[in-house]
1. Please work out if ALA165 is out of contact with any helix residue (DSSP H, G or I) (no Cβ under 7 Å at 6 or more places or on another chain) and either open to solvent by 50 Å² or more (accessible area, probe 1.4 Å) or touching a residue at least 60 places away in the same chain (Cβ under 8 Å) (or both).
2. Counting only residues that are polar (S, T, N, Q) and exposed (fewer than 15 other Cβ atoms within 10 Å of the Cβ), how many does region 20-74 have?
3. I'd like the residue in region 88-123 that is among the aliphatic types (A, V, I, L, M) and open to solvent by 30 Å² or more (accessible area, probe 1.4 Å) and, out of all such residues, is modelled with the lowest pLDDT.
4. Being under 19 Å from VAL131 (Cα atoms), among the β-branched types (Val, Ile, Thr) and under 14 Å from the mean Cα position of the chain (by Cα): is that true of ILE62 here?
5. Do you know which residues across region 41-55 are touching a Cys at 6+ places or on another chain (Cβ under 9 Å) and in contact (Cβ under 8 Å) with a residue 40 or more places away in the chain?
6. Output the residue which, of all residues in region 139-176 that are in contact with a strand residue (DSSP E or B) (Cβ under 6 Å, 6 or more places away or on another chain) and among the charged types (D, E, K, R), is nearest to SER46 (Cα to Cα).
7. Enumerate the pairs (first residue in region 65-83 and closer than 21 Å to ARG93 by Cα; second residue anywhere and part of a helix (DSSP H, G or I)) with beta-carbon separation below 7 Å, excluding pairs fewer than 6 apart on the same chain, so at least 6 apart or on different chains.
8. Please count how many residues of region 161-173 are polar (S, T, N, Q) and either touching a Phe, Trp or Tyr at 6+ places or on another chain (Cβ under 8 Å) or in a strand (DSSP E or B) (or both).
Amino acid sequence: MSPAQEQTPAVTDAQAFKDAMALLAAPVSVVTALDAAGRRWGFTASSVSSVSLDPPLLMVGIALTSSCHTAMAQAGQFVVNLLGEHHRPIAQRFATSGVDRFAPGDFGAWEGDAALPYLPDATVLLRCRTVDVIRAGDHDLLLGTPQQIRIRDESAPPLLWYQRAFHTPVPAAVTA
């Protein structure tokens, strides 16, 4: 048991914790990878975060129960496709179980040693090498270091996950 686990009391009301986290707005990404057989995998993620600037590291949380878990944890590389508001249907599709998430053909194959699936019109693309996988409760945290970064449109309105639904922020009115 880690020192943090020893000092942190368990939340006695899991629903209260879920309700509180629903009020934490988070950007929405689709995370993609290839398994050893070259099969494409991907899921919608709201738990993507920068971890370190030196060295550059980011974290992706993936549930142990996710259909993509094994492939993602073993892939060695993954792509974070940061979504804009116009990607809402893609975010919904990659959050749905039992469908062919790549069927519509909106993903390309990143050039290089592994043709990782990526969304060409994503707001930001981060092609990452997995440096560690850390178990954290009912999730694994994939730590990755960006190998390539593409920024497509800094002004595109982001897609956010808030109160258990997709949202797009409305710019604040400018006051004189």
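1. Details: out of contact with any helix residue (DSSP H, G or I) (no Cβ under 7 Å at 6 or more places or on another chain): yes; either open to solvent by 50 Å² or more (accessible area, probe 1.4 Å) or touching a residue at least 60 places away in the same chain (Cβ under 8 Å) (or both): no.
For ALA165, the condition - out of contact with any helix residue (DSSP H, G or I) (no Cβ under 7 Å at 6 or more places or on another chain) and either open to solvent by 50 Å² or more (accessible area, probe 1.4 Å) or touching a residue at least 60 places away in the same chain (Cβ under 8 Å) (or both) - is not met.
2. Narrowing region 20-74 to residues polar (S, T, N, Q): 29, 32, 44, 46-47, 49-50, 52, 65-67, 70, 74.
From what is left, the residues that are exposed (fewer than 15 other Cβ atoms within 10 Å of the Cβ) are 49-50, 52, 65, 67, 70, 74.
Residues meeting the conditions: 7.
3. Initially, region 88-123 is screened for residues among the aliphatic types (A, V, I, L, M), giving 90-91, 95, 99, 103, 109, 114-116, 119, 122.
Those left that are additionally open to solvent by 30 Å² or more (accessible area, probe 1.4 Å): 95, 99, 103, 109, 115.
Details: ALA95: 96, VAL99: 92, ALA103: 87, ALA109: 95, ALA115: 91.
Checking each candidate, the answer is ALA103.
4. Values: under 19 Å from VAL131 (Cα atoms): yes; among the β-branched types (Val, Ile, Thr): yes; under 14 Å from the mean Cα position of the chain (by Cα): yes.
Yes, satisfied.
5. In the first step, residues of region 41-55 are kept if they are touching a Cys at 6+ places or on another chain (Cβ under 9 Å); the result is 41-43.
Result: GLY42, PHE43.
6. In this case the residue turns out to be ASP140.
7. PHE78/MET72; LEU83/ILE90; LEU83/ALA91
8. In the first step, residues of region 161-173 are kept if they are polar (S, T, N, Q); the result is 163, 168.
Next, only the ones that are either touching a Phe, Trp or Tyr at 6+ places or on another chain (Cβ under 8 Å) or in a strand (DSSP E or B) (or both) stay: none.
Going through region 161-173 one residue at a time, the tally reaches 0.
The values are calculated or read from the model by the stated rules, or taken from the named source; none is laboratory data. Here the structure is a predicted model, which means the values were calculated and not measured. Cβ coordinates were reconstructed from backbone atoms using ideal geometry, including for glycine residues, and neighbour counts include every protein chain displayed. Ligands, DNA and RNA are excluded from the accessible area calculation, which covers all protein heavy atoms including side chains. Shrake-Rupley method; radii C 1.70, N 1.55, O 1.52, S 1.80 Å.
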